[in-house]
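First the structure, in the form of structure tokens, and then the observations on it.
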Amino acid sequence: MSNSAQIDVVRRFYGAKGDLDVIRSVVAEDARWDIAEGFPNGGVHQGLDRIIGDFFPFLADFEEFRCVGDAFFEDGDHVIVLGRYLGTTTGGKAVSSRFAHVFTVRAGKISQLRQTSDTLPIARALDR
């Protein structure tokens with residue numbers, strides 16, 4: 001798989017905006033999500049069904065929530081993205097928070113995400 005194709009997979013993931021059909025099409029069944037503690041539903045989630053069932057429900061706290069990739073870097077089967085989470089909570093509070101994502105892409109699907117982010121703006125917007 002070419003490097004640009006790997007970045008395209010990650011861009012499709014970001015473009016999903018919570019659409020589970022798109023997420024299922026770009027994330028491997030045995031994927032591993034390692035999400036920073038302090039982020040909503042943070043921790044390690046193993047397997048696509050657990051990622052969808054245990055991690056993504058935090059989106060219900062938002063009217064809108066997007067991942068905006070500002071810079072994409074490739075290294076072998078890894079795609080590193082520096083970007084921002086942007087959104088509005090169901091309570092009407094705007095949020096912007098920086099992140100770094102390290103994806104592993106194999107056989108055309110995301111097999112791992114290691115995430116770190118500035119969790120304080122999100123916690124404040126959610127009154128946590």
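The values are calculated or read from the model by the stated rules, or taken from the named source; none is laboratory data. Since the structure is predicted, the reported quantities are computational estimates derived from the model, not experimental observations. As a convention, Cβ positions derive from the backbone with ideal geometry for all residues, glycine included, and neighbour counts pool all protein chains shown.
Would you please list the contacts, defined by Cβ atoms under 7 Å and residues six or more apart or on different chains, that run from a residue in the range 64-82 that is under 22 Å from residue 19 (Cα atoms) to a residue that is surrounded by 14 or more Cβ atoms within 10 Å (Cβ to Cβ) and among the aromatic types (Phe, Trp, Tyr)?
Sorted first by the residue in the range 64-82, then by its partner, the pairs are 65/85; 67/14; 67/85; 69/14; 79/72; 79/103; 81/72.
One residue is enough: does the range 22-30 have a residue meeting the conditions assigned to a strand (DSSP E or B) and in contact with a Phe, Trp or Tyr (Cβ under 8 Å, 6 or more places away or on another chain)?
Yes, because at least one residue in the range 22-30 is assigned to a strand (DSSP E or B) and in contact with a Phe, Trp or Tyr (Cβ under 8 Å, 6 or more places away or on another chain).
Please verify whether residue 50 is surrounded by 13 or more Cβ atoms within 10 Å (Cβ to Cβ), assigned to a strand (DSSP E or B) and of a type in the set (Lys, Arg), treating the condition exactly as stated.
no
Criterion first (touching a His at 6+ places or on another chain (Cβ under 9 Å) and surrounded by 15 or more Cβ atoms within 10 Å (Cβ to Cβ)) does residue 27 satisfy it?
Judged against the criteria, residue 27 is not a match.
Could you check the range 85-128 and list, in sequence order, the residues that are basic (Lys, Arg) and surrounded by fewer than 18 Cβ atoms within 10 Å (Cβ to Cβ)?
Hits for the range 85-128 are 93, 98, 106, 114, 124, 128.
Under 6 Å between Cβ atoms, at least 6 apart or on separate chains: pull out the pairs that start in the range 110-128 with a residue that is outside any loop (DSSP other than H, G, I, E, B) and end on any residue that is surrounded by fewer than 17 Cβ atoms within 10 Å (Cβ to Cβ).
114/34; 114/102; 115/36; 116/36; 116/100; 117/36; 125/93
Please note which strands (runs of 3 or more DSSP E) are completely contained in the range 61-108 and include at least 3 residues that are among the aliphatic types (A, V, I, L, M).
So the answer is 78-89, 94-106.
List, please: which pairs have Cβ atoms under 6 Å, are six or more places apart or on different chains, and start with a residue in the range 39-55 that is among the acidic types (Asp, Glu) and end with one that is surrounded by 14 or more Cβ atoms within 10 Å (Cβ to Cβ) and in a strand (DSSP E or B)?
Final answer for the pair search is 54/45.
Might you check whether a residue that is of a type in the set (Asp, Glu), within 13 Å of residue 99 (Cβ to Cβ) and more than 11 Å from the chain's Cα centre (by Cα) occurs anywhere in the range 33-45?
No: the range 33-45 contains no residue that is of a type in the set (Asp, Glu), within 13 Å of residue 99 (Cβ to Cβ) and more than 11 Å from the chain's Cα centre (by Cα).
Of the residues 49, 61, 70, which single one is under 22 Å from residue 11 (Cβ atoms) and either modelled with pLDDT of 95 or more or of a type in the set (A, V, I, L, M, F, W, C) (or both)?
After ruling out the rest, the residue left standing is 70.
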